[in-house]
Amino acid sequence: MSRLIILSAALLALAAACAGNDDPLEEDAFRLPWTADESWFFLSGPHCDSSAETCPAGAARYALDFAPRAPLTGFLCDPSANDEYWVTAAAAGVVRIADRSLVEVEHGDGLRTGYYHLRSSSLAVAPGDFVAAGAPLGNPSCEHRRGGTVPGPHVHFYFCAGDDATAACLDDRPSLLEAAGRTLSGWRIEAAEKNYSGSLTRGDETRTATALNCSAADPASGCAGVRNDVTPQR
């Protein structure tokens, strides 16, 4: 069976799974973008690119930030310190963008997930590649596409709808989709009033976005009972 036939069948299967819903991204078809048994930290809730507490009019709060370690600020920007951690595909699809620190994967009908601040030298995929859910894409890093660095190694994860297979959603702001209301590994994304704030809920569990390391095993003194450690496993 040819690669093209396999690829077409995979995308058709994903599209069929989402059929019958006005917004397929509401379906629990996407997983958190790292290995199933690892706990990462939920650093930032739904946010636009502004550092202000509120976003400009019409700007989608499209992205979430996750890191394998916390706190984020000034932490482990040495690339060799993050080789063991992999950002992975949230669902099966076709790689549309794999450029420097950015990967975008299409899951059918133009729907994509995006993975930003990956270490460019670690990218494990190229445009046109088919990837399964959970396939490794690259290591989290401090890299920025336009030069310079971000404060600490993490993945800036988002949903978007791209019409041009060769153009990145990050360069076409209207294509970016609101994160609130989506689900990842059964965790429902909730926005809060302020930009970068928010929570994830799954059943009776809640995780609140914070740059601190707040887990059940080793809660920081400033966490006050709040947790932000998240695992894809149910």
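Taken together, the values in this text are just the output of simple stated rules run on the coordinates, not laboratory data. Keep in mind that this is a model prediction, so the values were computed, not measured. Cβ coordinates were reconstructed from backbone atoms using ideal geometry, including for glycine residues, and neighbour counts include every protein chain displayed.
Structure data summary
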quantity	calculated
Strands (runs of 3 or more DSSP E) completely within the stretch 74-148 that count 3 or more residues being surrounded by 20 or more Cβ atoms within 10 Å (Cβ to Cβ) and hydrophobic (A, V, I, L, M, F, W, C)	93-99, 102-106
Count of the stretch 203-228 residues which are in contact with a strand residue (DSSP E or B) (Cβ under 6 Å, 6 or more places away or on another chain) and touching a residue at least 24 places away in the same chain (Cβ under 8 Å)	6
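One line per residue, one yes/no per condition, for (1) closer than 30 Å to Asp83 by Cβ; (2) aliphatic (A, V, I, L, M):
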site	(1), (2)
Gly138	yes, no
Leu184	yes, yes
Ala192	no, yes
Asn195	no, no
Gly203	no, no
Asn213	yes, no
Arg227	yes, no
Pro232	yes, no
